[in-house]
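The structure under discussion appears below in the form of structure tokens.
Any read-out appearing in this document is the output of simple, stated calculations on the displayed coordinates, not a laboratory observation. Since this is a predicted model, take the numbers as computed values, not measurements. Counting neighbours? That spans all protein chains shown, and the Cβs are built from the backbone with ideal geometry, glycine included.
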Amino acid sequence: MKEGFKETELGSIPSDWSIVKFDEVAELRHGYQFRNYDFTESGIKILKITQIKGNETVDLSSCSFINENRLDEFERVIINKGDILVALTGATIGKIARFNSEEIVLQNYRVGNFFPLNSTSLSKDYFFQFLRSSFFYNQILARQTQSAQQNIGKEDINNMSMFFPPIKEQKAIANLLTAFDDKIENLRAQNQTLEQTAQTIFKEWFGKYQIGDELPEGWRVEELDNLLELIIDYRGKTPKKLGMEWSEKGIPALSAKTIKNGKIVRRDAMNFGSPELYKIWMKDELQKGDILLTSEAPLGEMYYINDDTKFILSQRLFALRVNEKITSEYLYDYLFSKYGQHQLNARASGSTVQGIRQSELRKIEVIVPEENIMKKASLIFRSSIEKKAINSKQIQTLTKTRDALLPKLMRGEIRVSGFKK
């Protein structure tokens, strides 16, 4: 065994660390079991497990509500900024989130809330970092019920184990990892601001006009078909149809499920193709400036190709390449706007899943501004897109580094220097 380490149930750890059960150092509290008759159309938000997302955040955009006059009844389950939440049921079981809002929000029953018993022995920030690690999640998977809906109980969590360094080292570990989190969050906030700014400019410069309005001199309405050089459409193609298979690594394959809010997401679930598959598959290769548009499930998500990275165009995606009549940046923001999204939805069809066929997509009408103002706006939009792309790459690098450091720091394989024992 490595000098200065000892063997434990969670593996080898530094000799001055210990392993503790959760209930020795922390308490898990359930929320309130709200019923359907409690809910109202507006009022105070109720956080359910579906609001706990995979990136350790909560999404308050689709909460249920109770009447604000009933707040006094539920003071016990008010969630405070900095609280550590966990999903105890369903597909998101074991997902962790840090609540960072000042808004008054109530905790539903199958949402758990962790509280250190003594802040002088357990750092809440360190506790959060441990809970987001695989050491916690793997214990959840081992203890969850195997019924139709997965569950984990308070007693099961109380009996889980965690690494327990001295408090000063806990804080040093948490500070290091939190520095990564803060930088990632700042970059995400920058991207959100850039996106909002672009949308504001589009609305102020172009949003006052709709199809059918009298347009300024030099403006016109064109069908999308007249503005495109090419539509790349491989929505029904699969590797098996080409006598091949997806690979574990290689050239990433984009599909509707990997495009959201102008970003490439779910990289952990992405398929990859070999160079041989790419050569057979992509007869028309994607280029910088191409616009990716999801055709269904969901409809209308978009991504702007900002560099020469190779991608395979997979399920439920169109790639649009503009001609000289319009700029790709303007078309991207037009289709991204509420006006473009309305037209996409108006031309969609399907009884259960709404989707748009290529023939209907080509009929979408686009307001094309006078050339000089369009190019001026496109320069602003391009700058925003390029800055967001740079930020997104930084986010990926920081996230990858943080996620690699997390397990090594948690088990003491890497020690943080600069703190006093």
* Structure fact -> Whole-Hz Karplus couplings 3J(HN,Hα) for segment 157-165, θ = phi - 60° and coefficients 6.51, -1.76, 1.60, Gly and Pro as x, run 5, 4, 8, 6, 10, 9, 5, 9, x
* To do: Kindly point out which whole DSSP H helices in the chain project their C-alpha atoms 27 angstrom or further along the helix axis while averaging a Kyte-Doolittle hydropathy of -0.5 or above.
  => 371-410
* Asked: When averaged across all projection directions, what area in nm² does the alpha-carbon convex hull of segment 1-143 cover?
  -> 10.0 nm²
* **Positive-end residue, the chain charge dipole about Cα centroid, Cβ charges, pick of 37, 250, 17** => 17
* **Phi-based couplings in Hz for segment 98-110 (Karplus 6.51, -1.76, 1.60; Gly and Pro marked x)** => 9, 7, 10, 9, 8, 5, 6, 9, 9, 9, 6, 4, 8
* Taking the Cα atoms of segment 135-194 alone, what are Rg (to one decimal) and Dmax (as a whole number) in Å? -> 17.4, 46
* Structure fact -> Scattering profile of segment 95-209 from the Debye formula, Cα beads only, expressed as log10 I(q)/I(0) at q = 0.13 Å⁻¹, is -0.72
* Only Lys, Arg, Asp and Glu count, each charged at its Cβ (+1, +1, -1, -1), so figure out the dipole size of the chain about its Cα centre, rounded to 20 debye. => 1060 debye
* Å³ per residue enclosed by the Cα convex hull of segment 249-299 -> 94 Å³
* To do: Return the long-range amide H neighbours of residue 247 (sequence gap of 5 or more, or a different chain), with a cut-off of under 5 Å between placed amide H atoms.
  => 272, 273, 274
* Structure fact -> Here the equivalent ellipsoid of segment 187-230, derived from its Cα gyration tensor, has semi-axes (largest first, whole Å) of 27, 17, 7
* To do: For segment 269-421, build the charge dipole from Cβ charges (+1 Lys, Arg; -1 Asp, Glu) around the Cα centre, then report which of 416, 337, 368 sits farthest towards its positive end.
  => 416
* **Principal semi-axes in Å for the chain [√(5λ), Cα gyration tensor, largest first]** => 45, 27, 21
* Structure fact -> Here the alpha-carbon Rg of segment 81-163 over 2.2 N^0.38 Å rounds to 1.10
* Structure fact -> Cα-based Rg and Dmax for segment 260-410, in Å, come out at 17.6, 59
* Specify, per residue and in Å³, the volume enclosed by the convex hull of the alpha carbon atoms belonging to segment 318-376. => 88 Å³
* Structure fact -> Cα-based Debye curve of segment 101-147 sampled at q = 0.24, 0.33 Å⁻¹ gives log₁₀ I(q)/I(0) of -1.07, -1.10
* Using only helices, what value at 222 nm comes out for the chain when you add -39,500 (n - 2.57) per DSSP H run of length 4 or more and divide by the total residues, to the nearest 500 deg cm²/dmol? -> -10500 deg cm²/dmol
* Apply the Debye scattering formula to segment 159-301, with a single equal point scatterer on each alpha-carbon and no solvent, then give log10 I(q)/I(0) at q = 0.13, 0.19, 0.21 Å⁻¹. => -0.92, -1.26, -1.37
* To do: Quick one: grab Rg to one decimal and Dmax as a whole number for segment 357-409, Cα atoms only, in Å.
  => 19.9, 57
